[in-house]
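Report on the following structure.
The values are calculated or read from the model by the stated rules, or taken from the named source; none is laboratory data. This structure is a prediction, so every number in the text was calculated from the model and none was measured. Here Cβ is always computed from backbone atoms with ideal geometry, including for glycine, and neighbour counts include all displayed protein chains.
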Amino acid sequence: MVTVEDTYCEAFEGLVVQLQVTAQDREFLNRAANAFTALPFTVFGDAEGGIVRWFTKKETIDGRLGAIVQLWVTGTGQKSQAKFYDQLGRRIRQGILVVPTTTVFDYFPNEVDTKFNMMNNVGHCGDGYEWIVEKNNRKLIDVPIMMGYDFLIEEELSYAKGVMGGNLWLFCHSVDSSIKVGREAVKIIAEIDDVCTTFDVCSAGSKPETNFPKIGPSTNHPYCPTLKKKLPSVEFKVPEGVKSIPEIVFNALDINTLKETMLKVIEGIIDMEGLIKISAGNYGGKLGKFKIHLRELGLKNNYFS
């Protein structure tokens, strides 16, 4: 029987935008959504993004194929806001604007007072020839481009505080089984609103401490199965029979959505073949303000070790 470790996931605050990106066809939409949500530019602390879900033509604001995407930065102060505005503009300019037939809408689920005006960091790509149009009951910046189908972006995009770093560790008896279990976890997350996974099935869980600070977070060596013969037995923490430990990392607009995600993922994968144990990453409370205890998610008590 699969066991759930009596531990907690450590998460932290960040800033987030949630957008609806639309395009004429699936190929252009995939390109834009994936370019915008590419992994962090350098290391932990920079912007990171993820795809929340894909929309059909019947579900989008302008009746075209669409995707809901999020972009995040760590921290919530003025420096984080300034960095966020800069990174948001870069990703939209270089990841979406350059893809033919794309449009960007604000898609935050509730009204917030904090908004970015996108004229200075995206609109002025029109070099002064951009203008404001009203479509679908929204004010959009029309940026003329050579394609003949202008790029449109909502003039103001909402941003607010969210919760980053939700995670689950999946202890499996082989690499093949960990891939299957990890992909199922990601599939479950893709059906939940207002949450994204930033690394899909992540093969490289990290730790804050490192011998090489310029690289950033480095491998969580006590949990690397291939180091069994290279680490002292007191330091090696991989349970007997475990050969692979993928990590699933996700961010959500609020703490309740993050907890709901953890619960649904655990319930959805717990009976899968090859899964031995479920745990979560924490760092002694040194990283984030949120401690989400697995025992408090509403799971059956007989799951816990």
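Values computed for the structure shown
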{"item": "Residue that is nearest to Val52 (Cα to Cα), among those in the range 109-133 that are in contact (Cβ under 8 Å) with a residue 24 or more places away in the chain and touching a Leu at 6+ places or on another chain (Cβ under 8 Å)", "result": "Pro109"}
{"item": "Total residues in the range 3-31, condition surrounded by fewer than 22 Cβ atoms within 10 Å (Cβ to Cβ) and either more than 20 Å from Ser80 (Cα to Cα) or without any contact (Cβ under 8 Å) to a residue 12 or more places away in the chain (or both)", "result": "14"}
{"item": "Residue among Thr42, Thr37, Thr56 that is modelled with pLDDT under 95, farther than 24 Å from Ser279 by Cβ and surrounded by fewer than 17 Cβ atoms within 10 Å (Cβ to Cβ)", "result": "Thr42"}
{"item": "Selection count where residues are farther than 19 Å from Val175 by Cβ and out of contact with any Phe, Trp or Tyr (no Cβ under 9 Å at 6 or more places or on another chain), scope the range 213-234", "result": "7"}
{"item": "Selection from the range 52-95 of residues that are among the hydrophobic types (A, V, I, L, M, F, W, C) and over 18 Å from the mean Cα position of the chain (by Cα)", "result": "Ile61, Leu65, Ala82"}
{"item": "Residue in the range 191-203 that is among the acidic types (Asp, Glu) and surrounded by fewer than 16 Cβ atoms within 10 Å (Cβ to Cβ) present", "result": "yes"}
{"item": "Pair list, Cβ under 6 Å, 6 or more apart: the range 280-292 residue assigned by TED's automatic domain parsing to the domain that holds Thr257, other residue in a loop (DSSP other than H, G, I, E, B)", "result": "Ala280/Thr7; Tyr283/Pro208"}
{"item": "Subset of the range 112-129 [in contact with a strand residue (DSSP E or B) (Cβ under 8 Å, 6 or more places away or on another chain) and assigned to a loop (DSSP other than H, G, I, E, B)]", "result": "Val112, Thr114, Met118, Met119, Val122"}
{"item": "Failed condition for Thr226, given (1) more than 16 Å from the chain's Cα centre (by Cα); (2) buried (at least 18 other Cβ atoms within 10 Å of the Cβ); (3) outside any loop (DSSP other than H, G, I, E, B)", "result": "(2)"}
{"item": "Search result, residues across the range 247-263 that are closer than 13 Å to Asp194 by Cα, outside any strand (DSSP E or B) and not β-branched (Val, Ile, Thr)", "result": "Leu253, Asp254, Asn256, Leu258, Lys259, Glu260"}
{"item": "Among (1) over 22 Å from Leu294 (Cβ atoms); (2) in contact (Cβ under 8 Å) with a residue 40 or more places away in the chain, the one test that Lys229 misses", "result": "(2)"}
{"item": "Filtered residue count, the range 262-289, keeping only those that are modelled with pLDDT under 95 and at negative phi", "result": "7"}
